[in-house]
1. Only one of these is polar (S, T, N, Q) and crowded, with 23+ Cβ neighbours inside 10 Å: Ser211, Ser241, Ser225. Name it.
2. Can you pull out the residues in the range 45-81 that are under 19 Å from Arg182 (Cα atoms), in contact with a Gly (Cβ under 6 Å, 6 or more places away or on another chain) and in a strand (DSSP E or B)?
3. Pairs please, first residue from the range 217-246 and under 25 Å from Arg182 (Cα atoms) and modelled with pLDDT of 95 or more, second anywhere and among the hydroxyl-bearing types (Ser, Thr, Tyr) and in a loop (DSSP other than H, G, I, E, B), Cβ atoms under 6 Å, 6+ apart in sequence or on different chains.
4. Hey, could you check the range 99-115 for residues that are open to solvent by less than 10 Å² (accessible area, probe 1.4 Å) and in a strand (DSSP E or B) and say which is farthest from Val71 (Cα to Cα)?
5. Condition first: more than 23 Å from Pro70 (Cα to Cα) and under 16 Å from the mean Cα position of the chain (by Cα). Can you find one or more residues in the range 116-133 that meet it?
6. Among the numbered conditions (1) out of contact with any Lys or Arg (no Cβ under 6 Å at 6 or more places or on another chain); (2) under 24 Å from Ala87 (Cα atoms); (3) open to solvent by 10 Å² or more (accessible area, probe 1.4 Å), tell me where Leu271 comes up short.
7. Only one of these conditions is not met by Arg246: (1) within 24 Å of Ala348 (Cα to Cα); (2) not in a loop (DSSP other than H, G, I, E, B). Which number is it?
8. Here is a check on your reading of the model: is Leu260 touching a residue at least 40 places away in the same chain (Cβ under 8 Å), more than 30 Å from Glu92 (Cα to Cα) and either of a type in the set (S, T, N, Q) or outside any loop (DSSP other than H, G, I, E, B) (or both)?
Amino acid sequence: MATAGFGNTKGSPAAVRGLVMVLLAILIGCAGVDGQIGPEPDTANRCPEPGAGIQIGGDFGSGTDTERTPVRRLVLMGGGREEDQAAQHFVEAAAGGDVVVLRASGSLTSYPDYFGTSLAPVPAPSSVVTVRTTSPESGADPAVLCRAGRAEALWLAGGNQWNYLGRWPSELHDSLAAAVARGAAIGGTSAGAVSLGEIAFDARHGTVTSSEALANPLHRDVSVSRPTIAQPELAGTIVDSHFMERSREGRLLVFLARFLAERGEGPVVGLGLDEGVAVLIEAGAYRVTSVDAGAAWLYHVSGPATLENGTPLSLDRIRRVRLPAGSTGGWPFHFGDADGAELLRVEAGVVRVSAQSADKPS
């Protein structure tokens, strides 16, 4: 009896059909997802699907890690409308790698569309995804840690900073710290920017107004803490957003007095950001950009401060500098070189401009 084989077509019909089926199985097994002949797609390098409390949206690219070398760049925005120039510099710092937006509420698609398409960055990022920790305590989900761990640029959206500072688990904080160590670009707006200072108003008990904070700087609502996601460029600095629009100078001075007391020595620095204003910090230099006429406000405080529960704040030796759009210089900011600086003081909860001059601080 003849046997079926590659060089023998005289076998039985059943044997021939069997051979055809074997060949088809081999071909199908070698086909890619698009039907082309080739190896199966690499799925081992892709991040896992998110679990409960985590949602991910945007442009996923190929789904694999692009492994680019980013530019270490810090971008801080004051809330409201994003400033396009600074946003584009942030995305381009990813050097064609992966951009990840972290947030606890809000849209899954707005930032991917804005960062990846509207800004037309060069080079374009390989992917832009939003990771929304709808349940912030679920931030240690492997899908979140995987995407944060391989991102070349990480952006913290606005919202409530307590979700980031008090509810995100330590594993996600550690992942963000590791991103800094590997030179990733970091940015944030509003609550995202506030969360990146050495000390932050964490909003654990809700927000607080300037008048409330000045009246009782040790009230429970004036909750400040040290973020584990603090950026090295912001050593000795606290950030506040929506600054002039929400009259937040008074409360920033209270935060600085608390910071000064905790440190035991000065000076400390406050950075207030108006809406639509961005500060870009890179390689020991800063630049201010703005959508409209807003500015960045810098405060140099050396004290002393009077902090007593139920007693309005008193604080001395405050220097204020307004930085409009287009301002540039060295970072950390050199207050000794600042022109047009004003000397302030706080007396029994009232902020006053001092008439006398003072030596410029170093």
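1. Details: Ser211 fails: crowded, with 23+ Cβ neighbours inside 10 Å; Ser225 fails: crowded, with 23+ Cβ neighbours inside 10 Å.
One residue alone meets the criteria, Ser241.
2. Val75
3. Partner pairs satisfying both residue conditions: Pro227/Ser195.
4. Leu102
5. Narrowing the range 116-133 to residues more than 23 Å from Pro70 (Cα to Cα): 132-133.
So of that shortlist, the ones also under 16 Å from the mean Cα position of the chain (by Cα) come out as 132-133.
Within the range 116-133, one or more residues are more than 23 Å from Pro70 (Cα to Cα) and under 16 Å from the mean Cα position of the chain (by Cα).
6. (3)
7. Checking Arg246 against (1) within 24 Å of Ala348 (Cα to Cα); (2) not in a loop (DSSP other than H, G, I, E, B), the one that fails is (2).
8. On the way: touching a residue at least 40 places away in the same chain (Cβ under 8 Å): yes; more than 30 Å from Glu92 (Cα to Cα): yes; either of a type in the set (S, T, N, Q) or outside any loop (DSSP other than H, G, I, E, B) (or both): yes.
Yes: the conditions hold for Leu260.
The values are calculated or read from the model by the stated rules, or taken from the named source; none is laboratory data. Remember, predicted model here, so these are calculated numbers, not experimental data. Neighbour counts are summed over all protein chains in view; Cβ atoms, including those assigned to glycine, are modelled from backbone coordinates with ideal geometry. What goes into the accessible areas is simple: the full protein's heavy atoms, side chains included, and nothing from ligands, DNA or RNA. Shrake-Rupley method; radii C 1.70, N 1.55, O 1.52, S 1.80 Å.
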